[in-house]
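A.B. asks: Got a structure for you, written out below as structure tokens; questions coming shortly.
The values are calculated or read from the model by the stated rules, or taken from the named source; none is laboratory data. Note that the structure is a prediction, hence the values are computed from the model and not measured. Ideal geometry is used to build each Cβ from the backbone, glycine not excepted, and the neighbour counts take in all protein chains shown. Each accessible area value is taken on the protein alone, full model and side chains, heavy atoms only, with ligands, DNA and RNA left out. Shrake-Rupley method; radii C 1.70, N 1.55, O 1.52, S 1.80 Å.
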Amino acid sequence: MTSAPGDGPRGTRRRRAVAVPVAALVVFTGLGVVTAFGGLGDAPDRPPKQLGPGSILDQEQFLTTFVGSRATVEPGTFDAPDKHVVEIEMEVTNKGDTTTLVGRPNDKGYNSPFFAGSLLKLTPEIKMEYGPDAFASADGVQSGQLQPGMPTKVVIKYELPNGQRVPERVRMDVGTFEFSEGITLTPGWHLVTEDAVDETRPSLTVAAQVTLPVQSEGASG
């Protein structure tokens, strides 16, 4: 028997090839690539993490737990009044293999290799001539150092001006660190910065905003 035109060896009809315009293939391929890389245009900047008491932030150079905040009264001497202070407590582990410094909170926007330099902004603003104290504390002994691999209590402490009420909460804008091999920066740890859009100093990146209620321990408003 002679097969009908277009039939295969066993009477199976051959499928006709479907022509797809090259332009359509290009469009589909392009859409696939766009989808895979997150859509058209630049991806929006990732907003800072919103953290609270007990939260942990990996800062690359340090692993930090934000324990809490409290207001206390330090008794004055015979010629000085009581001091109303606010303390912010953290547990900080130096993840490096060398000792580093606690440093001071960063109120000038400068890059810093030290832990407290990653505290980019405190709200309410701390109005002190030299800024708040920052120190490590172990068994009642204060220190300015963070030993490698050792979880250490770190306290940020500032005095409230006369007449200023104890805040209900404090908020910290916190940065993270990255290691530079020395191509454009001094070798070592540096705070992460935003991409520079001009010749001015790039701003420091806020990785997390940490809000801590202030627990009152004898401080009065």
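A.B. asks: Which residue out of 104, 70 is over 22 Å from the mean Cα position of the chain (by Cα) and under 19 Å from residue 210 (Cβ atoms)?
C.D. replies: When all the criteria are applied, what remains is 70.
A.B. asks: Residue check, residue 53 against (1) open to solvent by less than 70 Å² (accessible area, probe 1.4 Å); (2) in contact with a Leu (Cβ under 6 Å, 6 or more places away or on another chain), all met but one. Which one?
C.D. replies: Among (1) open to solvent by less than 70 Å² (accessible area, probe 1.4 Å); (2) in contact with a Leu (Cβ under 6 Å, 6 or more places away or on another chain), the lone unmet condition for residue 53 is (1).
A.B. asks: Moving on. Please tell me if residue 149 is more than 21 Å from the chain's Cα centre (by Cα) and exposed (fewer than 14 other Cβ atoms within 10 Å of the Cβ).
C.D. replies: Spelling it out, it is not the case that residue 149 is more than 21 Å from the chain's Cα centre (by Cα) and exposed (fewer than 14 other Cβ atoms within 10 Å of the Cβ).
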